[in-house]
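These notes concern the structure reproduced below.
No value in this document is a laboratory result; all are computed from the given coordinates. Worth saying up front: this structure is predicted, and the values here are computed from it rather than measured. Using ideal geometry, Cβ is built from the backbone for each residue, glycine included, and neighbour counts are taken over all protein chains shown.
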Amino acid sequence: MLHTHGKNVRFDWSLVGDTLTIKNERGRIHKYQLDELVSIIEWLHDEFGTGWFPLANNVQKLGNGNEKPGLGVAILNQSPDDIEHAQGSSYLGVILDHCGVFNWNGKRRGIQWRIERYIDTKDQLRNLLAQ
């Protein structure tokens, strides 16, 4: 079981086929397809290179299009009408950090990551998530 960096919400995750499923301690479920995750990582790499990027998942700012570029915005770009999906960034960032794709800045406020290991195929990502 992992937990988010900010609000310390515990969650479990699993990879079945090409679907990453996250279920938090409150029962909320987020699902991401591996193709989508590769696109998110590519977008972050194009936008930030190996520099730091924020969580960027404020509901109001995502909803009105004023959120700064970051992980939440990268997710929202894949599913433009699904803010709840983008809110899963709190969990997804932790998982990708846990698997060695991201590196967390260690802060609970001002959460940021950077790409530690660039992934550009589903197979690469599947292998890391399966470890």
The stretch 97-117, subset of a type outside the set (D, E, K, R) and without any contact (Cβ under 8 Å) to a residue 24 or more places away in the chain, residue nearest to Leu15 (Cα to Cα): Phe102
Members of the stretch 7-42 that are in contact (Cβ under 8 Å) with a residue 24 or more places away in the chain, surrounded by fewer than 16 Cβ atoms within 10 Å (Cβ to Cβ) and in contact with a strand residue (DSSP E or B) (Cβ under 6 Å, 6 or more places away or on another chain): Asp18
Condition met for Gly72 (touching a helix residue (DSSP H, G or I) at 6+ places or on another chain (Cβ under 8 Å), among the small types (Gly, Ala, Ser), assigned to a helix (DSSP H, G or I) and under 21 Å from Leu2 (Cα atoms)): yes
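For the stretch 44-61, check the following and say yes or no: at least one residue is aliphatic (A, V, I, L, M), under 26 Å from Asn127 (Cα atoms) and out of contact with any strand residue (DSSP E or B) (no Cβ under 9 Å at 6 or more places or on another chain).
Among the residues of the stretch 44-61, not one is aliphatic (A, V, I, L, M), under 26 Å from Asn127 (Cα atoms) and out of contact with any strand residue (DSSP E or B) (no Cβ under 9 Å at 6 or more places or on another chain), which makes the answer no.
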Qualifying residues in the stretch 79-88 (those that are in contact with a strand residue (DSSP E or B) (Cβ under 9 Å, 6 or more places away or on another chain) and assigned to a helix (DSSP H, G or I)) - the one surrounded by the fewest Cβ atoms within 10 Å (Cβ to Cβ): Glu84
Considering residues of the stretch 1-31 that are small (Gly, Ala, Ser) and under 19 Å from Asn127 (Cα atoms) only, the residue farthest from the chain's Cα centre (by Cα): Gly17
